[in-house]
Each structure stands twice: as C-alpha cells, then as structure tokens.
Amino acid sequence: MRLAHPLFRSIAVRIPAVLLALLAATAFQSSFAQVPVANPDPGNAGAGRVLMAIGEVRATRDGQARALAKGALVEQGDLISTGVSSNAQVRMIDGAVIALRAQSEFRIDEYNFNGKEDGTEKATMSLLKGGVRAVTGVIGHQNQDNLKVNAVVATIGIRGTGFNLNYCVGNCQNIDRSLAKDGLYAGVFEGKISLRNDAATDIVGTNQFYYVADRNTPPTKLLQPPNFLPDPLTGQRVTGRTREVTVIPTISAPVNVPPAAAADQVVLPPVTSLPTVNQVVVTAPPVAAPGNNSIAPATFFNTTVQGDGGTPPKAAGNAFYLQKAETYPAGALGADGLPPHSILPDSNPSAGPASPNGFAIATSGSGASAYVSQISLQNPPYVVGGTTIPVVYAIGSAQQMEGGSYAGVVSWGRWANGDVQQIAGYNSGNPINIPSWAGFHYIVGEQTTAANMSALAANGAILNFTLLGATTPTPVANQAGTWLVTSGNMTANFASAAINGNLGLYSSQAGGYGVFNMAFSGGLSPNSPSNAVSTTVTKTAGGLTTCSGGCGGTGNVAFYGNAVPAQGAGLSYNFTTNSNLVQGVAVFKR
C-alpha cells in the first residue's frame with residue numbers, strides 16, 4: 001500500500017509581509033478541507049478546476065483569453081498564464097495539484113482520465129516559461145510514460161511524485177541577487193522523475209536537484225537547490241485509495257531564514273518634482289529601494305481584455321485605418337542588420353459601404369473577450385508594393401497575447417506564439433511562425449474623418465488623452481527579457497498643430513531591471529490620416545545600461561471615432577537599443 005504524500009516541504013523563502021497575510025487568509029479558509037477527486041458531474045469535468053488564483057491569472061483557449069478565478073474550469077488545450085506578482089493552483093480531475101508561480105506559462109496539451117486507473121489514463125503538459133510545483137494524482141502512478149511534462153530543453157517523465165520545475169530566461173536570481181544561468185532547474189521532494197533530452201537521460205530521486213542548460217547538453221546534478229526553485233504557494237497532499245486532496249497552508253510551516261530586507265522595504269516616492277517633456281508631465285515611474293535589483297510595477301497596461309468591453313468596430317460603412325508594428329522573424333537581414341520589420345500604417349480610404357470583397361474585420365470571442373482575428377484591406381486589389389499579394393492579415397494558429405476594444409470604434413492586440421497567415425507579403429504571403437516573445441501588433445478602427453479633423457483644427461482644439469491599453473513591447477532580433485507598459489498620456493494641440501506624449505516602460509533583463517520614459521512628439525495635420533512622430537526613450541531608474549544615454553526611434557499617431565471626434569488615438573512605435581529594435585502599439589482615450 002502506497003503511503004500518503006507528506007506536506008509540501010517548505011525550503012525557506014522570502015515573502016513580503018503583504019503576500020504572507022494574503023496567503024494566510026486563503027489558507028485559513030481552506031486548511032485541511034478535504035476535497036474529493038470525483039466530480040459530481042463527470043460530463044462537465046474538463047481537465048481540472050482552479051483552487052486558487054491571485055493577481056492576473058488567465059487561460060487562452062482557441063485563441064481567446066479569459067480571466068481565471070477560483071472554481072473556474074480548465075480544459076485540454078488551455079494555456080494557463082500568470083502575471084507579475086500572481087500565482088495559481090489547479091486541481092486536475094485525477095487528483096493532481098499544479099501550482100504556478102508568477103510570470104509562468106503552462107499548457108495542458110492532453111489530459112485523459114475516466115475516473116479509474118485502467119491504463120487509458122494519460123496526460124502531457126508543457127512548461128513554456130516560469131515555474132511549476134506539482135503533486136501527481138492517479139495518472140503516472142503506475143506508468144511514468146503516461147504522464148509527461150515538456151519543459152523546452154527537456155522532457156520530464158513522472159511516476160507518483162512531487163516535483164518542482166523552473167525554466168529561467170533572464171528572470172531568476174540567486175540568493176546574492178546575481179543572475180542565475182538560463183535553463184531548466186528541477187527538484188523532487190518525493191518519488192522520482194526522469195529528465196530526457198537529445199543528449200542524455202537522468203533519473204532524479206527524492207531530495208535531488210538538476211540543471212539542464214539546453215536540449216543538447218546533458219543534465220547536471222546540483223549539490224543543493226537554488227533559492228528560487230521552491231516557492232511560497234500553498235502545499236497539497238494526496239492521501240489514501242480515494243486519492244483525496246488536502247489543502248495544506250505552507251504559511252504554518254516554519255521559515256528558518258528571515259526575509260531579505262529589500263523584499264519588505266517600502267517603495268519611496270520620487271524626491272524631486274516630475275520632469276516634463278514638451279509641456280507634458282511625465283507620469284511618475286515606480287522607484288526601487290536602494291540595492292534592490294528587481295521591482296514589479298503595481299500597474300501595467302499590456303494585458304488581456306483591455307478597454308471598455310465594447311465590441312470591435314463594424315466591418316463596413318466607415319473609413320477604416322490600420323496601424324501596425326510587424327516583424328518577420330526570419331529571412332535575410334535588412335540594412336540595419338535586423339530581420340525585416342515595419343511600423344508603416346495601411347489605410348482603406350473608402351468612406352462608403354464596403355463591397356462584399358471590400359475591407360473586412362473578422363472577430364473571435366464575444367463580449368469583453370472579443371478580438372480581431374482577420375483584417376482584409378480594400379478590393380479592388382490593395383496589394384503589397386511590387387507584388388500581386390493582397391493585404392490580408394490573419395491570426396492563423398497564433399494567439400491574441402494581449403489587447404482590447406474601445407467604444408466600438410477601435411481595437412488593438414498582438415498576435416504571436418504560432419503561425420500568422422500573412423504579414424504584408426513577407427515570406428511570399430506564406431504563413432510566418434512568430435514566437436511568443438515577438439509579434440504582429442495592430443490597431444484597427446473607424447478613422448476620424450477629414451471633415452471632423454478639419455473642424456477640430458478650425459476651433460483650435462486641444463485634446464488630452466490618457467493611456468487605455470497597449471501591447472507588450474517586443475524585440476525584433478531576439479528575446480531580450482520582458483517589457484511592460486506602465487503609464488501614458490498624450491496631447492493633440494490642433495492650435496499649434498503638434499502632438500506630444502509619453503509612455504512609461506519597465507524592463508527586466510539579464511543585467512537587472514530598468515524604468516524608462518518614452519517621449520514622442522511630431523506635427524499634427526488634419527489632412528493626413530497618419531501623423532509621423534519621433535520617439536526618445538530614456539532610463540530613469542534601475543541597474544540596466546539600456547538607453548542610459550537615450551534611445552531614438554519613430555512612430556505614427558492616428559485618431560479614431562466620429563460620434564465624438566477623436567474619441568481615441570493610436571500610437572505605433574519603435575526604438576533602437578544598441579543592436580536590437582523594440583516595437584509595440586498603444587491606444588489612448590479622451
């Protein structure tokens with residue numbers, strides 16, 4: 001008879017006091033509450049249900065992202081992701097418990113369990129980034145070939161065990177705050193797993209820890225676990241023949257090492273007045289305590305389900321406009337030594353009803369989760385210059401990574417992590433694979449008419465806009481840490497024919513973190529749908545050397561909406577960071 005799992009063994013972790021209090025409250029409500037594995041409605045069991053969701057937790061299914069809350073159903077094919085300062089726990093239908101730490105992506109590729117251990121049970125999952133801690137259930141109890149986790153550089157075979165995995169890409173720090181080597185870190189707290197890649201296969205037993213640098217390098221045994229491998233999430237144990245799950249509050253376990261001072265230090269406000277750029281006040285960035293090499297902004301705008309929950313713009317009868325930041329991540333390098341890339345806009349100037357073959361926007365999802373999945377420009381043929389390839393953008397097998405809609409007049413987003421069917425003729429119009437860290441960024445909507453723009457100019461209008469949503473700024477050449485958009489504002493001064501604005505940015509990279517301000521400015525022409533702007537990115541805090549002396553770039557600003565002229569404004573932009581280029585889009589509202 002197999003003995004019950006022990007409590008999750010808690011290796012000392014550094015947890016801010018606020019998070020401790022939150023976890024304690026959650027644990028108090030569910031402590032030692034027994035939850036039977038059997039679902040009273042097997043026909044609606046899915047693959048599992050969410051036990052806990054703190055912060056930004058979402059599932060992407062069939063290209064549609066949705067927020068996950070406690071009790072939400074997860075299904076085969078779901079990509080579960082957690083944001084900054086977020087975590088989640090999912091109980092699978094076979095009794096397994098999966099805990100995801102912050103900034104993780106975990107996909108349920110296959111999950112087959114009919115309620116009994118009869119040889120048909122099977123599960124395959126993928127850790128794409130971040131960390132997972134798990135206690136297995138019935139699947140894999142007898143045959144480890146029935147339960148696998150693909151973790152980028154290695155495949156993990158599992159047999160009745162509890163384990164930790166953490167895949168690091170410039171985001172893991174050692175206890176001395178030095179950057180840990182990129183790769184996969186694995187540890188077992190009961191049972192055993194196998195680590196297999198193209199170089200070798202190793203067996204990892206209880207209280208053993210391994211590191212895998214890449215798929216072609218054999219796993220290396222570690223004498224002790226890195227400090228970032230364990231996590232502060234609530235523990236689980238599975239007991240008895242009924243495979244019941246007991247929720248165990250890790251918070252009750254002793255923590256032998258006190259939290260580092262930096263983890264609990266109060267973030268102080270700036271000690272100097274806020275700077276201005278072209279008469280626009282720069283939004284205050286977060287400020288890190290001295291010696292702290294990593295901060296997490298409390299608010300950022302590159303998330304899913306942004307905007308007001310309105311539907312995307314109508315498909316006909318308006319003058320549509322398309323702004324984009326597109327990247328073709330393969331092929332010959334351009335004159336700047338980078339893969340092909342562009343932020344030039346496309347327009348459909350026809351203001352009348354579209355013909356059956358005219359401008360069209362196809363959408364997926366519904367309500368606040370609806371997003372644009374195909375953009376077809378005007379026919380008679382609107383083609384890529386010098387070719388016969390019509391301009392049609394389609395999400396294909398990629399996903400809407402973040403984005404939203406506003407007022408029924410403008411939508412925006414980023415397609416990545418799959419094949420986009422066409423990016424303006426690159427690859428001869430054939431599908432283009434875009435990794436999750438890159439993307440095709442778009443803004444599409446009802447363009448403010450020339451008549452309304454002229455009226456604003458005649459009245460000398462001064463319009464102030466605040467940031468509504470944005471896509472994740474992505475590099476062109478290769479993955480380089482993560483970027484967040486933390487704030488933004490814009491002024492359109494029709495009296496002086498000028499556009500001025502700012503975006504607050506945050507980046508975490510191999511060299512540490514950085515807080516940045518991107519100022520953009522340019523002329524304003526009511527007779528032009530696109531207004532060219534220049535961008536200047538300057539670091540304001542942090543240890544990164546990126547843009548310490550300022551980084552330059554370009555952009556385009558367009559206006560959307562006619563019920564109230566210029567209800568919204570869109571910005572497509574780029575800026576150069578040494579040998580790389582970062583691109584994105586942002587949408588503002590009046």
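For the reader, a short list of remarks on this structure follows.
- Within segment 552-590, no residue satisfies the criterion of being at pLDDT 90 or above, of a type in the set (V, I, T) and not in a strand (DSSP E or B).
- Flag if V372 is at pLDDT 70 or above, within 24 Å of A438 (Cβ to Cβ) and among the aliphatic types (A, V, I, L, M): yes
- Selection status of V188, touching a residue at least 24 places away in the same chain (Cβ under 8 Å), assigned by TED's automatic domain parsing to the domain that holds T206 and part of a loop (DSSP other than H, G, I, E, B): no
- Filtered residues of segment 538-556 (kept if surrounded by fewer than 24 Cβ atoms within 10 Å (Cβ to Cβ) and either of a type in the set (A, V, I, L, M, F, W, C) or outside the structural domain of L463 (by TED's automatic domain parsing) (or both)): A541, L544, C551
- Residues of segment 112-161 satisfying the condition of being more than 24 Å from the chain's Cα centre (by Cα) and in a strand (DSSP E or B): N112, K122, A123, V135, L147, K148, I156, G157, I158, R159, G160, T161
- Only a single criterion out of (1) farther than 14 Å from T363 by Cα; (2) in contact (Cβ under 8 Å) with a residue 40 or more places away in the chain; (3) surrounded by fewer than 22 Cβ atoms within 10 Å (Cβ to Cβ) is not satisfied by A416, namely (3).
This table checks each residue for (1) more than 22 Å from T471 (Cα to Cα); (2) over 24 Å from the mean Cα position of the chain (by Cα); (3) not basic (K, R).
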position	(1), (2), (3)
N500	no, yes, yes
G504	no, no, yes
V515	no, no, yes
F520	no, yes, yes
S528	yes, yes, yes
T538	no, no, yes
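- Residues that are of a type in the set (A, V, I, L, M, F, W, C) and surrounded by fewer than 24 Cβ atoms within 10 Å (Cβ to Cβ) within segment 558-575 comprise A563, V564, A566, listed in sequence order.
- Within segment 419-442, restricting attention to residues that are farther than 20 Å from Q64 by Cβ and among the small types (G, A, S), the residue that is surrounded by the most Cβ atoms within 10 Å (Cβ to Cβ) is A438.
Here's the yes/no breakdown for (1) of a type in the set (S, T, N, Q); (2) modelled with pLDDT of 85 or more; (3) surrounded by fewer than 18 Cβ atoms within 10 Å (Cβ to Cβ):
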| position | (1), (2), (3) |
| --- | --- |
| H341 | no, no, no |
| P349 | no, no, yes |
| F359 | no, no, no |
| Q378 | yes, no, no |
| I389 | no, no, yes |
| I395 | no, yes, no |
| Q400 | yes, yes, no |
| Y406 | no, yes, no |
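- When the residues of segment 444-470 are filtered to those that are assigned to a loop (DSSP other than H, G, I, E, B) and in contact with a Phe, Trp or Tyr (Cβ under 7 Å, 6 or more places away or on another chain), the one that is nearest to V152 (Cα to Cα) is T448.
- Options G140, G131, G160: the member that is surrounded by 23 or more Cβ atoms within 10 Å (Cβ to Cβ) and modelled with pLDDT under 80: G140
- For segment 202-230, taking the residues that are within 20 Å of V152 (Cβ to Cβ), part of a loop (DSSP other than H, G, I, E, B) and of a type in the set (A, V, I, L, M), the one that is modelled with the lowest pLDDT is identified as L229.
- Selection within segment 301-339: residues that are within 14 Å of G561 (Cα to Cα) and part of a strand (DSSP E or B). The member of this set that is modelled with the highest pLDDT is L322.
- When we screen T482, T535 for residues that are buried (at least 20 other Cβ atoms within 10 Å of the Cβ), modelled with pLDDT under 90 and either farther than 21 Å from A563 by Cβ or small (G, A, S) (or both), the only hit is T482.
- Residue, nearest to the chain's Cα centre (by Cα), within segment 197-206, restricted to residues that are of a type outside the set (A, V, I, L, M) and surrounded by fewer than 17 Cβ atoms within 10 Å (Cβ to Cβ): D198
The values are calculated or read from the model by the stated rules, or taken from the named source; none is laboratory data. Keep in mind it's a predicted model, so treat the numbers as computed, not measured. When we count neighbours, we look across all protein chains shown, and the Cβ atoms used for this are built from the backbone with ideal geometry, even at glycine.
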